[in-house]
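Before any comments, here is the structure.
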Amino acid sequence: MLKTVIHAEQEDVDAALARLGLTAPPLMRSVRAGYLSRISRTANDAPIAAGFYHWNETLRTLRDELVVLGWTRVDEQMFSTILSPDGRIAISVSSGDEATGQPRGFPRTKRDKGPRTADAIYANVEQLDLFEAAPEPIPEEEVECLTYVLLFHADATEPRAELSLPVSMDEKDHIDSWRERIILRSQPLDPEGAAMPEPDFGPDIDIDVQRRA
């Protein structure tokens, strides 16, 4: 079983992100934008609106931030990611449970995932197994894409997030373990706060959609 590597100290976080061609501010702005979109919903929105807008605005802002740095938007069978310029890192976005952003926690995705996520996780594990077994550095042309998840969670006191590399799903199709967790700095809420809309239904299922004949 692969051990989880956790980066929580700021210097360590910055170094881990730099290895992926990233810095913390674009990720944190994306998390913040998603949260602000969530709390802007009203009682007149559909019950699923808070979760959907939280997820969508986080994804959209992440893409807005990274496309100017040469990353590419990818949408395959309802599985939305942003791909690094060298094609070796992809990032998807998902809500997580209350352990998200907690260095000592064991976070899981809040919603179940579909077959495209499962495929990405399988590819992650294959690559990691290859890295572990190789006696020498793997040639660059043999390195394939690893898919990370920008995992976010907001409770009554703060939005929290992490950029983490998934390696397994449980029997209910929630991502439940990670090879690497890069913990982003928490963003405390305004003291006056805002009520978190309920219920919290998100769109966090990637599915194959086929048009009827």
In range of the label at residue 128: residues from the stretch 171-187 whose backbone nitrogen is under 13 Å from the point 7 Å along Cα→Cβ: 175-182
Dipole moment magnitude, nearest 20 debye, the stretch 1-60 about Cα centre, only Lys, Arg, Asp, Glu C-beta charged: 240
Within the stretch 1-100: Cβ-based charge dipole about Cα centre, in debye rounded to nearest 20 (Lys, Arg +1; Asp, Glu -1): 200
Simple spin-label estimate for residue 171 and residue 118 in nanometres, 7 Å along Cα-Cβ: 1.5
Length released on extending from residue 18 to residue 48, taking residue separation times 0.36 nm less the Cα-Cα span: 7.2 nm
Square roots of 5 times each gyration tensor eigenvalue, C-alpha, the stretch 1-135, largest first, Å: 27, 18, 17
Amide H partners (placed H, <5 Å) of residue 6, local residues excluded: 181
Under Karplus coefficients 6.51, -1.76 and 1.60, residue-wise ³J(HN,Hα) of the stretch 150-161 in Hz, glycine/proline x: 7, 9, 10, 8, 10, 10, 6, 10, 6, x, 10, 7
Surface share of carbon and sulfur [accessible, 1.4 angstrom probe, percent] for the stretch 1-154: 54
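The values are calculated or read from the model by the stated rules, or taken from the named source; none is laboratory data. Computed from a predicted model, the values in this text were never measured in an experiment. Ideal geometry is used to build each Cβ from the backbone, glycine not excepted, and the neighbour counts take in all protein chains shown. Protein only, heavy atoms only, side chains kept; ligands, DNA and RNA dropped before computing areas. Shrake-Rupley method; radii C 1.70, N 1.55, O 1.52, S 1.80 Å.
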